[in-house]
1. Sort Met1, Met77, Met200 by heavy-atom solvent-accessible area, probe 1.4 angstrom, most to least.
2. Quick one: accessible area per residue over region 1-150, 1.4 Å probe, rounded to a whole number of Å²?
3. Quick one: accessible area per residue over region 236-383, 1.4 Å probe, rounded to a whole number of Å²?
4. If DNA, RNA and ligands are ignored and the probe is 1.4 Å, what is the ranking of Trp367, Trp23, Trp98 by accessible area, most exposed first?
5. Within region 110-204, which GluC sites (Glu not before Pro) sit in a loop by DSSP and count at most 10 neighbouring Cβ atoms inside 10 Å?
6. With a 1.4 Å probe and all protein chains kept in place, how much accessible area does Asp347 have, in Å² rounded to the nearest 10?
7. In whole percent, what relative contact order does region 199-370 give with Cα contacts below 8 Å and a gap of six or more residues?
8. Let me check against my output: what whole-number percent is the relative contact order of region 1-150, with C-alpha pairs under 8 Å and at least 6 apart?
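The values are calculated or read from the model by the stated rules, or taken from the named source; none is laboratory data. Please read these numbers as outputs of a predicted model, since none were measured by experiment. Note that each Cβ is placed from the backbone with ideal geometry, even for glycine, and that neighbours are counted across all protein chains shown. Surface areas here come from the heavy atoms of the whole protein model, side chains and all, with no ligands, DNA or RNA. Shrake-Rupley method; radii C 1.70, N 1.55, O 1.52, S 1.80 Å.
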Amino acid sequence: MPDLTALTERYRRATGTEPDGLWFAPGRVNLIGEHTDYNDGFVLPFALDRKAVIAAGRRDDSALVMVSLELDDEVTMDLADLAPGSGGWAAYLAGVVWALRQAGHQVGGTTIVMSSDVPLGAGLSSSAAIECAAVAALTDLYSLDIPKMDRAKLARVAENAYVGAPTGLLDQAASTLCEADAGLFLDCRTLEAQQVPLPMAEQGFEILVLDTKTPHSHVDGEYGARRASCEEAAAVLGVPALRDVTDLDDALGQLADETHRKRVRHVVTENQRVLEAFELAKAGNLAALAPLLDASHVSMRDDYEITVPTVDLAVETARSAGALGARMTGGGFGGCIIALTRAGEADRIGQEVAAAFAAAGYGAPEWFSATPAPGAGRLDPTGA
Ligand code: ADP
Ligand code: MG
């Protein structure tokens, strides 16, 4: 939890008044379903107990004052000057105000002071955390009646249209809609979302999230290439998206290009794994998720070719150290892995991965044990 006293003090320093309230939104991790979103498929993320917290209040003027405690920076803009492409970290917040106003909501001058314990740029969605916390704050401050899925969509508009990052709805949907001890099954075509229980602690499990801290390189180009392959393959197969492939063997028989065949095999089997994970979690069988995590990793490594040596070493070490199942999570080429472990084992397994990294000459990873946490909302002033 970010330091709420420091947050409120910084708000007082910026305005000379008390904030109207505190709001939060969490980062997220994707349990399973990688590169399925842009194929109209399925994802299953859960929210982390790491979050962005915002102290916010209405102003009498038309200024938007934004402060980040992490970056120790203050940016002021006039509401009339908000325009896509302004850049910098403040664009994620200014983009939310812009998206709300574009959608016809009355949002006036506001001071937003924020602090987050979601690591920046680690693939745990620090960006959606600050966007969704801002949406939560502004909807309350200006008494806007916006259903939760629409709030997530507005946060996505901020990221896509204002910041200029072409991401799917997964991050904002998870940060807004998730509930404690639950995952969010999201159909990326219909945008239908369903809660699914993930009582990890109750069933004696833990989830390790380990950041390999591998610098992402060539990510944009590789991401674009994967997307293009999927679209080409779907065109050859005569389906709107790879989500519509129902018979994998038949589809593979129609594809002459080996790269297309591998990419299609990943997307189709990954969608099946998400559906299976959803059914298993609904039936309360969390242990059975482990082999799906393993299979997802192998598919990303061999068919989608989006893992890197650090990530593979982290997954292999976690498995040999006793994790029940493990996979890379996120877009790939670095970032985080998750491992399903027995309760009380996540930290030891993290340490074993760190030892393997040191032995291989890799930089030190960082890790924590994750509990599926609730999505965005107003924070009690006591921090509860
Ligand atoms: P991720 O969402 O995986 O963490 P992104 O690149 O999508 O990575 O978003 C990271 C960006 O979000 C940062 O570079 C910064 O601009 C913004 N951001 C996130 N958290 C903060 C924060 N606490 N203070 C200022 N900017 C932040
Ligand atoms: Mg992001």
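1. From most exposed to least exposed: Met1, Met77, Met200.
2. Details: 5350 Å² over 150 residues.
Result: 36 Å² of accessible area for each residue.
3. That works out to 41 Å² for each residue.
4. Trp367, Trp98, Trp23
5. Hits after loop and neighbour filter: Glu192.
6. 80 Å²
7. Relative contact order here is 35 percent.
8. 31 percent
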